[in-house]
Amino acid sequence: MRENITRQTKFRLTYRATLERENILVKTQLWGTKGGPAIVNIGSNFAEVYDNQLEYAGNLLDKFTNEGSGWNFLSVDEIKLEYYGLEALAGGSTFKKLPESQMLNMYISLQR
């Protein structure tokens, strides 16, 4: 696998663990990002993105178990990595140049 990401990619780490409280075992799932997969840009370091997401999920688990929930961490059952490249949009550009008259007005407004 390449060290640096060569195209924009959606990337999410899923962390599954077993917790225990009073002889009750519960399997839980945490994600390495808040609110869904992260979009990672070209040139990002793969190992750094992976480590950041693993740390985020681990911190969530630590916070939950250390703040009086009564649950104890037993094991990591699975770490799943999902990623897929995003294709560039085909077609024209969304950039539209301002007409010269508006650019001049904007310039004059900034001067004042």
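The values are calculated or read from the model by the stated rules, or taken from the named source; none is laboratory data. A quick note: this is a predicted structure, and the numbers were derived from the prediction, not measured. Because the Cβ atoms are built from the backbone with ideal geometry, glycine has one as well, and the counts that use them run over all protein chains shown.
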Condition first: on the phi > 0 side of the Ramachandran plot and loosely packed, with under 11 Cβ neighbours inside 10 Å. Can you find one or more residues in segment 51-64 that meet it? no
Kindly indicate whether Asp51 is without any contact (Cβ under 8 Å) to a residue 40 or more places away in the chain, part of a helix (DSSP H, G or I) and farther than 18 Å from Asn4 by Cα. no
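Every residue in segment 21-45 that is assigned to a strand (DSSP E or B), over 11 Å from the mean Cα position of the chain (by Cα) and either among the β-branched types (Val, Ile, Thr) or under 16 Å from Gln8 (Cα atoms) (or both), please.
Within segment 21-45, Ile24, Val26, Thr28, Asn45 meet the criteria.
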Could you go through segment 16-37 and let me know if any residue there is closer than 20 Å to Glu87 by Cβ, surrounded by fewer than 11 Cβ atoms within 10 Å (Cβ to Cβ) and in contact with a Lys or Arg (Cβ under 9 Å, 6 or more places away or on another chain). yes
Quick check on segment 56-91: of everything there that is assigned to a strand (DSSP E or B), of a type outside the set (A, V, I, L, M) and modelled with pLDDT of 85 or more, which residue is farthest from the chain's Cα centre (by Cα)? Asn72
Can you tell me which of (1) modelled with pLDDT of 85 or more; (2) part of a loop (DSSP other than H, G, I, E, B) is the one Thr18 doesn't meet? (2)
